[in-house]
Structures are given as C-alpha cells and as structure tokens.
Amino acid sequence: MADPLRVLLIAEACNPTWTSVPLVGFNLARALAARPDLRVTLVTHVRNREGMATSDIGKFADVHFIDNEWIARPIYLLAQMLRGGNQLGWTIDTAMAWPSYVIFEHMVRKRFGRRLQRGEFDLIHRITPLSPTAVSPLASKTDVPMIAGPLNGGLPWPKEYPELVRKEREWLVPFRKLYRLLPYHRSTYRHLAAVIAASRSTAAEIPRQFHGLRFLHPENGVDPVRFPIAEQWAEPSGRFRFVTVGRLVPYKGLSLTLEAIRRSARLRECELIVIGDGPDRQRHEQFVAEHGLQNCVSIRGQLPQAELAAEMRRSQAFVFPSLREFGGGVILEAMACALRPESSCRCGRARSWWNHYGSRWRAWPRTRCDAKRWARLRQTRFDVSTRGMRKPSELCGCISRSCRTKRSASVSLARFLADTTTDKPGRWNRGHPRLSDVGQASRPVCRTTGREACPT
C-alpha cells in the first residue's frame, strides 16, 4: 500500500454537538480522518474542545486547538448585539467574523509554519468557513497546495419578498459585494490550488483571479450512525404525520404551512411536528393557540440528532416550506428516513435533488399573490389527490402504494450517490443527471398530468 497522503485539515467551526456549519465541518473532518489513505492533522478552534471530546475523531486524527478567544469572543458579542441575537442577520455575522478568522489562520501558520517548510504535509484543506467570502492568509504564505471547500453561499434573496431582508435583519445585503475589496481576498484565490463549490450560485462567486481546479459537489451528506437508512416507508399507527425541521425564522416559511393547516379541515385531521427553535417561535405558538390548532400542531423545539432521527422515522412526510435555502442537508436526512419531501423552496443544491429523486415538488411562489394561491393549493392538495377517500388511513395507504410502486427514498438516495461518482449512464443513473448537471435549474413537472407545475 502507498504511503498515506499527509493532510493539514483546517476546520475553524467543527463541533458534533452543534448544528449547521459546525456539524457540517465535523462530519466532513470525521469522514476524511477515517480514510486509510489519509494521515490527517486537524486544526480547529478551542471553543470546540468540549464537543470534540464526545466523539472518536481523536482515534483517527491528530487534533490541535487554536485559542484566539481574546478577539473572537468580543467580536462575537458585538455581532450578537448588532444582530439582535444569534438566529438572524447572518450576513452581519459573516462580516464581523472576518478579523477573528484572519488572526486564527495567522496563528495556524505560526504553529505549523516550520512543519510546512520541512515538507511534513502534502496538502492543506480548509473545510470551514463555508462562505466564499472567507479569506485565507495562509494560502499565499506556503508552497504546499491548498484546497478550500466545499464553499456555499451567494444565493440571492427572492426579490418578490423584499420584507424578508428586513425581517431577517440583513442590513448588509446591499453592500455584500464589498467583500471583494477586503485584504487577502484576491491573494486567496490567486494561490489556491483548487476550490470545491457546493452550488452553481457559489461557483459564480469565485473571482477571475482563480486559475486552479474547480469541483462542483454538495457539502451535505447523511451520517448513517445518526440517521440509519430506512428500509421502507413507515405506515402510520394513528393520524397521518408530517414533520418539519429548521430554525424558526421568517424565511423558513413555517407560517405558510400553518396557514394551509388552518384553512383545511382535511389537514387538521393530520398531525404536524415542528422541530426547531428561533425568534419566531412565540409568534407561531400564538398563531396555533388563536386558531385552535393545538391538537394537530406540536412545536417541539431544538432536539438532539438522535431524537430528531427518531421523530423522522415515525413520520410519513417531510414538509420544507423554506423560501430561500443553500443546500438543505435535512432533505437528505429525511430521504434516509424514507420520507418524501413536500417543498415550496427556492434553493441552490436541493432543488435538483427533489426534481429527480422522488419528491413532491411545488413550484416556488413568485409573487405575494402567488403565495396566497400556493397556500390555498396546499389546503386542497389532499382533497384533490385523494378524491373519494373518507379517512386519513386510506390516504396513508395511497401514499404507501405510491412509494412501493416507484422506489423507496433509500434507493433514491443510493441513486443520487451513484450519480455523483460516475458520468456514464448505467443501471442506477440512466435518465438522471450527471454530477456536472446536478444543481442545474429545471422546471418542475406534475407527476399526474406530465405538465410543468404551476402554483396557480
């Protein structure tokens, strides 16, 4: 066996006990560290020490912690004050994190500079930050080839919903492109050997100064330990059960789902489980109480990954009404649990997954009037698709037969993974997009009529 590749893995955000970017960073680092053909040295922030202690990554990688809390903590507290918490204003958070991350990489160079000069590493791979706006001072100060990615970001806000920017406190959105003038931005991309982009909107953010290798690949995946691949769709033991997962913030669109349930007696016979927390939770709970939806809507708050997987496996359908989403990794987790997503989302990466791998796609509402019609459409969705049925148990049988007729979500997931490893049409990817095509926008098609779907 050839000598393993010696990799210096940089993941400033890397924590198995958190969600979002830290969890993505950990999952990628853990997967790379477990490869027998790699010898990984992982560098992360000291704030992740407690979370990393709960995992076994130390058995596979040499883990180092960088402590720049003397600047990171004051900046984090200032950013929280400007954002009004830690759930909104992510553009402000990314901008405010610039100084502390630059110092973080300078400290990485100070600790590993001599080892890099001695040729103890064959490759540097920066996993997090995920944002394409994040710079890397280290890239121009070493002769070791450096990769950044998977990067994700740059998806524009929907112009049809201008109030979302205000509600999300994204005051810096009009000035976002000024990041190109920041120090180290041009030198970062001038010296990177390769960039991994998670979506085409992110790939468009890569500046012209970059002349290295380009890869298009999503950053999301499924951890089979936390989310075991389900063998079949779960038959309901009582009422038909929907589940939705995400932060309770305006652009996640939970209000659309609640409004559809309020208007439909058919949907009120079912059950909706809401998993997540955020600044809009009180407003959603008030809406549920005012309209007497307590018997069919349950807001559970933030749950550990193991409990989240259990809730998904007990459900029959996954609702994802987000109006703007970069990757939607929770979609893959839902598919692993044999759930078929119901979505209204305008997405980067996730859109192509749903179009091709067994989801029920609803076209994204393009105007405020369309949004109202879309809510009415969701209200009558089951009445139309189950005409002649009298009770939810019959509805469950219909969906169960549909799943058995087409394929289970776990097989769809396997097909997706097969597509990303080959460009040649074969048994598993015949008629489905290659890796180079994944992420390309396509018009949704109604499965009943064969025509393009329309929210009206």
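Among the numbered conditions (1) farther than 22 Å from Leu272 by Cβ; (2) assigned to a loop (DSSP other than H, G, I, E, B); (3) touching a residue at least 60 places away in the same chain (Cβ under 8 Å), tell me where Thr202 comes up short.
(2)
Those residues that are modelled with pLDDT of 95 or more and of a type in the set (A, V, I, L, M, F, W, C), I need them from segment 99-132; list them, please.
Of everything in segment 99-132, those that are modelled with pLDDT of 95 or more and of a type in the set (A, V, I, L, M, F, W, C) turn out to be Val102, Ile103, Phe104, Met107, Val108, Phe112, Leu116, Phe121, Leu123, Ile124, Ile127.
Tally time: how many residues in segment 62-86 are in contact with a Leu (Cβ under 9 Å, 6 or more places away or on another chain) and buried (at least 20 other Cβ atoms within 10 Å of the Cβ)? Steps first, answer last, please.
First, the residues of segment 62-86 that are in contact with a Leu (Cβ under 9 Å, 6 or more places away or on another chain): 62-64.
Filter once more, so that each one left must be buried (at least 20 other Cβ atoms within 10 Å of the Cβ): 63.
Going through segment 62-86 one residue at a time, the tally reaches 1.
Residue by residue through segment 256-275, note down the ones that are within 15 Å of Gly292 (Cβ to Cβ) and of a type in the set (Lys, Arg).
Arg262, Arg263, Arg268
Applying the selection to segment 133-189, what residues are within 19 Å of the chain's Cα centre (by Cα) and among the small types (Gly, Ala, Ser)?
Within segment 133-189, Ala134, Ala148, Gly149, Gly153, Gly154 meet the criteria.
Show me the helices (runs of 4 or more DSSP H) found entirely inside segment 281-387 where at least 2 residues are β-branched (Val, Ile, Thr), surrounded by fewer than 15 Cβ atoms within 10 Å (Cβ to Cβ) and modelled with pLDDT under 50.
Correct list: 368-385.
Residues of segment 226-255 being surrounded by fewer than 17 Cβ atoms within 10 Å (Cβ to Cβ) and closer than 19 Å to Val21 by Cα, which ones?
If the condition is that a residue be surrounded by fewer than 17 Cβ atoms within 10 Å (Cβ to Cβ) and closer than 19 Å to Val21 by Cα, then Arg226 is the only one that fits.
Among (1) closer than 17 Å to Ser136 by Cβ; (2) surrounded by 14 or more Cβ atoms within 10 Å (Cβ to Cβ); (3) without any contact (Cβ under 8 Å) to a residue 24 or more places away in the chain; (4) not hydroxyl-bearing (Ser, Thr, Tyr), there is one condition His191 misses while meeting the rest; what is its number?
Among (1) closer than 17 Å to Ser136 by Cβ; (2) surrounded by 14 or more Cβ atoms within 10 Å (Cβ to Cβ); (3) without any contact (Cβ under 8 Å) to a residue 24 or more places away in the chain; (4) not hydroxyl-bearing (Ser, Thr, Tyr), His191 violates only (3).
Take the residues of segment 87-119 that are surrounded by 13 or more Cβ atoms within 10 Å (Cβ to Cβ) and polar (S, T, N, Q): which is nearest to Gly276 (Cα to Cα)?
Checking each candidate, the answer is Gln87.
I'd like to know if segment 23-46 contains one or more residues that are assigned to a helix (DSSP H, G or I), at pLDDT 95 or above and surrounded by fewer than 13 Cβ atoms within 10 Å (Cβ to Cβ).
Looking through segment 23-46, none of the residues is assigned to a helix (DSSP H, G or I), at pLDDT 95 or above and surrounded by fewer than 13 Cβ atoms within 10 Å (Cβ to Cβ).
Pull up segment 1-24, narrow it to residues that are of a type in the set (S, T, N, Q) and within 15 Å of Pro129 (Cα to Cα), then point me to the one that is farthest from the chain's Cα centre (by Cα).
Taking the candidates together, the pick is Asn15.
The values are calculated or read from the model by the stated rules, or taken from the named source; none is laboratory data. Only a predicted model underlies this, so the values are computations on that prediction, with no experimental measurement involved. Note that we place each Cβ from the backbone using ideal geometry, even for glycine, and neighbour counts take in every protein chain shown.
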